């Protein structure tokens with residue numbers, strides 16, 4: 001069935017139909033139009049300067065006319081709930097000017113320093129509830145996300161805050177919606193060329209032979225990295241094809257081997273001279289209701305998805321790799337739980353615990369470790385699902401009304417691999433189209 | 001349409017149909033059968049002793065036969081992901097013996113002390129993903145929840161851990177599912193009579209004239225408290241009826257008045273001699289898409305739902321009320337956001353920020369402050385919704401397949417008002433039937 005016919009039938013049946021998402025293509029403008037900067041926080045001035053430096057047209061007056069590519073909201077100076085009223089209402093007035101694929105990016109401030117100041121904490125947390133609701137109201141593939149400045153003195157021009165603004169405005173964040181990116185330190189350096197933020201880096205991607213892993217390999221390559229693809233020997237042929245496609249090297253390796261970390265490190269050093277980025281993407285599912293779960297299903301999932309990463313990370317940290325950036329694949333199943341996936345959810349929740357507790361070790365080497373939690377990602381398999389079922393599934397993703405693509409996960413992984421993301425550490429970023437699952 | 005007919009039609013149409021939930025009735029046994037205690041943590045022995053003290057039959061052998069009213073899982077000593085395997089699989093073996101309305105309650109340990117120990121953090125967080133998934137697999141109105149012991153030395157016999165076990169096993173927690181209750185200190189004293197945990201207390205409930213507020217008034221009264229019902233003068237008649245029903249007093253008061261806190265305090269002291277519990281239940285909605293939002297809709301919601309609470313709390317803290325327990329009503333909309341509710345979600349997220357930042361002030365007076373976040377609660381209005389629509393809505397609540405009742409929210413509020421809950425502070429407890437919204 002062709003897309004136009006399907007869309008017409010869906011409209012007649014009153015079923016939701018998704019808008020195409022704005023995805024990154026090298027050379028495209030950062031945002032599809034003028035950016036309106038609102039709000040009284042110090043971030044407003046900083047954002048304006050940063051945006052102008054990127055050649056973006058900026059407007060500060062919410063009363064102006066003309067289409068908007070994005071709205072940037074400086075909510076970093078809220079002291080009381082009433083302070084949210086004016087910028088929220090100004091945003092509402094401007095929303096009709098936001099073009100399809102547009103963006104809302106808000107600067108918020110974390111509540112770490114708010115113990116004993118419930119009025120300020122209420123304002124700051126209130127801004128989060130506002131932003132998540134706003135994200136649910138946007139249409140046409142537009143998204144809303146926040147940058148949470150962790151410390152009281154951390155400014156919007158911290159390298160990772162700048163990098164997060166860039167990522168969230170761009171097509172790279174197409175399927176990131178209703179999320180908060182926490183920037184906790186001023187660590188990190190901005191790239192010389194925003195189109196090649198991984199220039200000169202050597203990146204290892206496990207599970208690279210297909211699907212999301214192959215998409216990650218292609219995205220890291222596009223952004224300038226040399227790529228080592230890792231996968232099990234049984235996937236050797238597909239792995240070689242991906243490695244060849246990205247001009248990288250292939251390493252056939254079962255990551256549950258106790259010496260997997262050493263093998264990866266040796267390969268990267270021998271063939272590429274260094275190791276800067278590790279993407280723990282390899283993972284398996286062995287779904288079964290817990291009542292029917294056997295030891296082998298449970299243990300294999302935990303061994304591949306979690307224990308292997310713990311062991312490899314220990315190897316990399318022990319090797320003292322300076323500036324190493326690690327990105328692990330978690331899952332919204334690990335956040336919200338999922339029927340039939342007690343083992344998988346345990347492993348993916350474990351990954352989130354792991355990155356949180358490894359942040360200090362990573363930072364001590366000038367690097368960082370974070371996780372990306374995909375929601376429902378469309379693959380060749382889901383394309384075969386009947387239209388009505390897919391429409392029903394979209395009820396669970398009411399903002400963007402579609403699953404994501406492997407490249408959407410890859411873009412988030414790539415962002416967290418940037419040197420500029422060094423101030424983002426120990427966190428999990430969801431790529432879920434503001435799915436209700438694990439919201 | 002009668003229930004049996006509707007159930008038969010739903011079954012024919014392949015639609016889900018909810019099981020009746022086990023709700024608390026005074027005098028009922030705590031659990032509907034034997035409790036199986038599993039897991040190697042220190043909490044296993046403590047739980048066994050506590051349960052036997054309550055006259056509950058306990059079994060420690062997962063291979064035994066016979067129906068189970070509950071499974072208690074001691075996961076408080078996990079050191080590595082592999083440690084989760086045995087108790088998880090033993091739980092799976094016992095699941096078929098769990099009766100309708102049964103309970104799984106797990107003891108977990110928080111990750112606060114895990115920085116630098118990613119292996120232990122992975123195990124601890126992994127247990128959360130396991131538990132949330134398990135909750136999604138239970139049927140027949142059974143639920144799974146966790147008690148998170150916050151400190152490394154905090155034991156399962158801390159008063160609030162004992163109280164949380166009691167609450168989660170009982171029918172009081174019927175609509176609490178897939179949630180974690182954090183116990184952070186050994187504060188609190190156990191009640192003399194678990195059927196009358198609020199004996200001798202004076203409780204104020206705002207918005208008490210109807211709905212959830214009236215249910216809270218009735219529940220607090222049932223549990224032994226003297227109740228002051230507060231509502232706006234326009235609801236005076238309904239308020240008087242509720243107050244009379246619970247043998248309490250009525251206070252007609254608009255809580256947005258600057259002196260609302262003083263008025264409440266004066267009334268409670270004059271008529272009841274003291275004030276022990278404040279339930280901030282009063283709230284309004286003025287839904288509108290942000291693009292159509294006006295200042296009055298925005299500001300009235302924030303004024304009633306959030307600013308009034310901040311002001312009243314300041315009054316109560318300034319008055320130095322010893323042991324004061326405050327419970328505020330939040331919402332899953334404040335967690336996940338909701339289309340058309342930017343103002344409401346901001347106010348309810350603000351409530352969560354408020355309780356977090358007020359915890360220290362409350363604890364300094366020997367009290368505590370927490371929030372309850374209801375999900376979809378069925379009222380007289382939703383009963384009129386067509387069967388098919390309600391069945392579709394149940395897709396969003398796949399675990400219990402039904403909305404909650406006002407009494408379910410009231411029971412959670414009541415639990416957090418117990419003196420025994422003093423070790424639970426600054427938190428938000430969801431009463432949402434493990435709804436996917438805000439999971």
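State yes or no: is residue B:305 crowded, with 20+ Cβ neighbours inside 10 Å, within 14 Å of another protein chain (Cβ to nearest Cβ) and on the phi < 0 side of the Ramachandran plot?
Yes; evaluated as a whole, the condition is true for this residue.
I'd like to check something: does segment B:57-71 contain any residue that is in contact with a strand residue (DSSP E or B) (Cβ under 6 Å, 6 or more places away or on another chain), touching a residue at least 24 places away in the same chain (Cβ under 8 Å) and at positive phi?
Scanning segment B:57-71, I find no residue that is in contact with a strand residue (DSSP E or B) (Cβ under 6 Å, 6 or more places away or on another chain), touching a residue at least 24 places away in the same chain (Cβ under 8 Å) and at positive phi, so the answer is no.
Any chance segment B:264-274 includes a residue that's touching a helix residue (DSSP H, G or I) at 6+ places or on another chain (Cβ under 6 Å) and either closer than 27 Å to residue A:83 by Cβ or buried (at least 23 other Cβ atoms within 10 Å of the Cβ) (or both)?
no
Residue B:336 is checked against (1) touching a helix residue (DSSP H, G or I) at 6+ places or on another chain (Cβ under 8 Å); (2) modelled with pLDDT of 95 or more; (3) within 22 Å of residue A:109 (Cβ to Cβ) and fails just one. What number does that condition carry?
The number of the failed condition is (2).
Go through segment A:141-164 and give me each residue that's within 13 Å of chain B (Cβ to nearest Cβ) and either in contact (Cβ under 8 Å) with a residue 60 or more places away in the chain or over 20 Å from residue B:287 (Cα atoms) (or both).
The answer is A:142, A:143, A:145, A:146, A:148.
Scan (1) at pLDDT 95 or above; (2) within 21 Å of residue B:338 (Cβ to Cβ); (3) touching a strand residue (DSSP E or B) at 6+ places or on another chain (Cβ under 9 Å) for the single condition residue A:89 breaks and write down its number.
In the conditions (1) at pLDDT 95 or above; (2) within 21 Å of residue B:338 (Cβ to Cβ); (3) touching a strand residue (DSSP E or B) at 6+ places or on another chain (Cβ under 9 Å), residue A:89 misses (3) alone.
In segment A:95-111, is there at least one residue being buried (at least 24 other Cβ atoms within 10 Å of the Cβ), at pLDDT 95 or above, facing chain B (nearest Cβ under 7 Å) and not in a strand (DSSP E or B)?
Looking for residues that are buried (at least 24 other Cβ atoms within 10 Å of the Cβ), at pLDDT 95 or above, facing chain B (nearest Cβ under 7 Å) and not in a strand (DSSP E or B), one finds none in segment A:95-111, hence no.
Testing residue A:385 on (1) surrounded by fewer than 22 Cβ atoms within 10 Å (Cβ to Cβ); (2) modelled with pLDDT of 95 or more, one condition comes back false. Which one is that?
(2)
Residues being under 17 Å from residue A:231 (Cβ atoms) and either touching a strand residue (DSSP E or B) at 6+ places or on another chain (Cβ under 8 Å) or assigned to a helix (DSSP H, G or I) (or both): count how many of those fall in segment A:278-298.
Residues that pass the stated criteria total 6.
Of everything in segment B:151-163, what is farther than 11 Å from residue B:422 by Cα and either surrounded by 20 or more Cβ atoms within 10 Å (Cβ to Cβ) or in the same structural domain as residue B:360 (by TED's automatic domain parsing) (or both)? Give them in sequence order.
Within segment B:151-163, B:154, B:156, B:162 qualify.
Every residue, every condition in (1) at pLDDT below 95; (2) assigned to a helix (DSSP H, G or I), yes or no:
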| site | (1), (2) |
| --- | --- |
| A:121 | no, yes |
| A:126 | no, yes |
| A:131 | no, yes |
| A:136 | yes, yes |
| A:172 | no, yes |
| A:190 | no, no |
| A:193 | no, no |
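Got a number for residues in segment A:199-210 being out of contact with any helix residue (DSSP H, G or I) (no Cβ under 6 Å at 6 or more places or on another chain) and not in a strand (DSSP E or B)?
Qualifying residue count for the region: 3.
Can you tell which of A:207, A:236, A:229, A:248 is crowded, with 24+ Cβ neighbours inside 10 Å, more than 24 Å from residue A:374 (Cα to Cα) and touching a strand residue (DSSP E or B) at 6+ places or on another chain (Cβ under 9 Å)?
When all the criteria are applied, what remains is A:248.
Which residues, taken from segment B:313-337, are in a loop (DSSP other than H, G, I, E, B) and buried (at least 24 other Cβ atoms within 10 Å of the Cβ)?
Within segment B:313-337, B:330, B:331, B:337 meet the criteria.
The values are calculated or read from the model by the stated rules, or taken from the named source; none is laboratory data. All values derive from a computational prediction rather than experimental measurement. Quick reminder, even Gly has a Cβ in these numbers, built from the backbone with ideal geometry, and neighbours come from all protein chains shown.
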